[in-house]
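A quick write-up on the structure given underneath.
The values are calculated or read from the model by the stated rules, or taken from the named source; none is laboratory data. Keep in mind it's a predicted model, so treat the numbers as computed, not measured. With ideal geometry, Cβ positions are generated from the backbone for all residues, glycine too; neighbour counts draw on all protein chains shown.
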Protein chains: 2
Amino acid sequence: MLTPERHRKIIERLGEKQVVTIQELVEATSSSESTIRRDLSQLQKEKKLKRVHGGASLLHQKSEELSIVEKSARNSLEKERIANFAAMIVNDGDCIYIDAGTTTHLMIPHLKDKAVTVVTNGISHLEALTEHQITTYLVGGLVKPKTKALVGSGALNSLSSYRFDKCFLGINGIHLEAGFTTPDPEEASVKRMALSLSQEAFILADHSKFNEASFSKVADLHEAVILTNEMDEDAAYDFEDKTEIRVVTP
Amino acid sequence: MLTPERHRKIIERLGEKQVVTIQELVEATSSSESTIRRDLSQLQKEKKLKRVHGGASLLHQKSEELSIVEKSARNSLEKERIANFAAMIVNDGDCIYIDAGTTTHLMIPHLKDKAVTVVTNGISHLEALTEHQITTYLVGGLVKPKTKALVGSGALNSLSSYRFDKCFLGINGIHLEAGFTTPDPEEASVKRMALSLSQEAFILADHSKFNEASFSKVADLHEAVILTNEMDEDAAYDFEDKTEIRVVTP
DNA sequence: TTGAATTTGAATGTTTTTGATTGAAAAATG
DNA sequence: CATTTTTCAATCAAAAACATTCAAATTCAA
């Protein structure tokens, strides 16, 4: 019996019974104890199982992983407030663009009862959007595996055939000289395009984003309205005549 | 026995059994051990299988956990066979289109070790694709909540900027006069467009699809190759000169 | 038909896998 | 706690599978 076939049988048995003895496997595969031992060692190295005295057992069942959305939103009531605030700006019948990202994701449940049409480049938003029966268009493009965002020329192309009443963008840095910035140039292009297609543009940003700048510029400060939830006096004064800032009132 | 015929037999056996021994193949093809070894080496280079000591195994040994989608289609071993067969047609470096749908979804794990670029309109495919580190482009368009497929003019537009070596489509009906048909006109348009952008087009269809017709025509029979796993004599005869049919198991 | 190119199968020596054996380590038993 | 039994890792020789080479057979093109 060939090695992969034995390995497959071992894993299979484990799947059914949670634990197997070496003796059992010796019979099932009609090979020697030594061979089975070697198999188990190898499979253990591949993280397919755990060896135990006399046999092998399943690895500790994978702990249910929270979605990125739930994870990051959990410790940030702040973001939830901003998202809710942003959703209130949306009118019945609006066609809006929602950027990929965690903060913008939180807007979705609040759009429930508005007859909006949403365009997005965030794949992670889809489940929530369809669940709330929101008419959704996805832009095309290259899938960025890490952030599940759509980027690249395909996305820009796709976007160019839409026009928005409003767009809602996440951002990494808001800086007096640098403007709105984000680390990935590909994502920046998409944001920039969405912004240029919108009548009104909104940036969702918690206080940590102010006076920060990262690699790629999305737009100048005056091109979008900032939605935030906290703002110290001095900072507000600096930004005052450069851009419009709307602060969530608690 | 000619080389391509041997190769076909080897792939075929693998599709059935996950793993084959060299001895087995020597008998089945009545050629020498050396020849079979050479065949296996070549097929391995083409990423059609993996050599193991004593024989060969499928690239994707399915000891790993099945996703929900894969699970739900599991009772249909038939579909799995067809999907595996389809995946073997894909060469290293190909740019392919994978249609939304459950049968086509099952192809994904088998593409694991080929350097393919995938374009798809199936949102449900994304997780599996990114998990297997496959470069993926999503077409844009309206999200069909039920099937999680992307359709509409956005999808057609998006698609039009790509060209494919091969495309793999699911279908609802294969009929002598009606050709390839599917219930939703929107999805039919997308399939048609993908087909027209491909050098070669493949339809994945189990036997239940033959001699059925539904509402929207995708293409004429001669425009694509049918991959199926079962074919009764009479039916095969009818279709013979209208289209090419490749059957998984004889 | 001839000659070159390819494919094939046998022969070679090498590498990998295998199962038995060993004494050490770990569990089970009294 | 000591003893017995089981399981373990390490070692080794035999067997199986391997890559490589080469000559014969086949295919292809001129």
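Annotations for the structure displayed:
- Among the residues making up region A:148-189, those that are surrounded by fewer than 23 Cβ atoms within 10 Å (Cβ to Cβ), among the charged types (D, E, K, R) and away from every other protein chain (no Cβ under 14 Å) are A:165, A:166, A:177, A:184.
- Matching residues in region B:7-26 - criterion: being away from every other protein chain (no Cβ under 14 Å) and more than 13 Å from DNA strand D (Cβ to nearest atom): B:7, B:8, B:9, B:10, B:11, B:12, B:15
- Residues considered: A:205, A:219. Of these, the only one that is over 15 Å from residue A:83 (Cβ atoms) and either over 19 Å from the mean Cα position of the chain (by Cα) or buried (at least 22 other Cβ atoms within 10 Å of the Cβ) (or both) is A:219.
- As a summary of the residue check, residue B:81 satisfies the conditions (1) more than 13 Å from every other protein chain (Cβ to nearest Cβ); (2) farther than 17 Å from residue B:203 by Cα; (3) touching a helix residue (DSSP H, G or I) at 6+ places or on another chain (Cβ under 7 Å) except for the one numbered (2).
- Every pair of residues 6+ apart whose Cβ atoms lie under 9 Å, when the first sits in region B:17-34 and is near DNA strand C (Cβ under 8 Å from one of its atoms) while the second is among the acidic types (Asp, Glu): B:31/B:39
- Taking the criterion of being within 8 Å of chain A (Cβ to nearest Cβ) and either over 23 Å from the mean Cα position of the chain (by Cα) or surrounded by 18 or more Cβ atoms within 10 Å (Cβ to Cβ) (or both), the residues of region B:135-147 that qualify are B:136, B:137, B:138, B:139, B:140, B:141, B:142, B:143, B:145.
- Residue match in region B:101-124 (condition: at the interface with chain A (Cβ under 7 Å from one of its Cβ atoms) and either part of a helix (DSSP H, G or I) or out of contact with any helix residue (DSSP H, G or I) (no Cβ under 9 Å at 6 or more places or on another chain) (or both)): no
- Residue within region B:76-89 that is away from DNA strand C (no atom under 16 Å from the Cβ), under 24 Å from residue B:127 (Cβ atoms), loosely packed, with under 14 Cβ neighbours inside 10 Å and modelled with pLDDT under 95 present: yes
- Of all positions in region A:166-173, none carries a residue that is more than 29 Å from residue A:210 (Cα to Cα) and within 20 Å of the chain's Cα centre (by Cα).
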